[in-house]
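Report on the structure given below.
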Amino acid sequence: MVAQGGNNMAGWRGVRTALSLWDGLAGGDPVLINLSENHTFRIDCPDGHKAVLRVHRPHYHSRLAIESELAWMQALRADAGLFTPRPITGRNGALVQAAPFETENDIRHMVLFHFEAGAEPVVSDDLSPVFRQLGALAAQCHAHVETWT
């Protein structure tokens, strides 16, 4: 589900506070762009740059599982030349941060990524080439993971 026309920031007070865990996000404006198993926010910063914050669903993946996913994403970019999201380390040097989200006791894992410009397909688009590309990318991921440790 993609958010259209505004935020429900009242339920996500912790997002603005969590931005202090990374450099350069002070005063950033979180905009909900997707809500599925995670909350995904575009962060619009006063200096014009953008980032993407993924707030993980509670008790779904451990910090170690998230770190493993990030390591594989980085390896896919470095080893296979795939275009994967680039995570940003927090002030403490870690990729995975933890902070309150909806309430003080609702501690969530969060990961910040560099913003990548793009466009969502529309219903009238011919998606055949996109699905061919997706299949090729999936094959590259499978080939990579067979030898990656």
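Can you name every residue in the stretch 109-144 that is open to solvent by less than 70 Å² (accessible area, probe 1.4 Å), over 21 Å from the mean Cα position of the chain (by Cα) and within 23 Å of Trp72 (Cβ to Cβ)? Across the stretch 109-144, the qualifying residues are Gly135, Ala136, Ala139, Ala143, His144. Test Leu82 against the stated conditions and say whether it is surrounded by 19 or more Cβ atoms within 10 Å (Cβ to Cβ), farther than 20 Å from Asp106 by Cβ and either in contact (Cβ under 8 Å) with a residue 60 or more places away in the chain or of a type in the set (A, V, I, L, M, F, W, C) (or both). It is false that Leu82 is surrounded by 19 or more Cβ atoms within 10 Å (Cβ to Cβ), farther than 20 Å from Asp106 by Cβ and either in contact (Cβ under 8 Å) with a residue 60 or more places away in the chain or of a type in the set (A, V, I, L, M, F, W, C) (or both).
When the stretch 26-54 is filtered for residues that are within 14 Å of Gly90 (Cβ to Cβ) and either touching a Gly at 6+ places or on another chain (Cβ under 6 Å) or in contact (Cβ under 8 Å) with a residue 40 or more places away in the chain (or both), the ones remaining, listed by number, are Ile43, Ala51, Leu53, Arg54.
Listed conditions (1) under 23 Å from Glu104 (Cβ atoms); (2) open to solvent by less than 30 Å² (accessible area, probe 1.4 Å) are all met by Ser20, apart from (2).
Residues that are within 14 Å of the chain's Cα centre (by Cα), open to solvent by less than 60 Å² (accessible area, probe 1.4 Å) and under 20 Å from Ile107 (Cα atoms) within the stretch 43-69 comprise Ile43, Val52, Leu53, Arg54, Val55, His56, Ile66, listed in sequence order.
The values are calculated or read from the model by the stated rules, or taken from the named source; none is laboratory data. Quick caveat: nothing in here was measured; it's all calculated off a predicted structure. When we count neighbours, we look across all protein chains shown, and the Cβ atoms used for this are built from the backbone with ideal geometry, even at glycine. Each accessible area value is taken on the protein alone, full model and side chains, heavy atoms only, with ligands, DNA and RNA left out. Shrake-Rupley method; radii C 1.70, N 1.55, O 1.52, S 1.80 Å.
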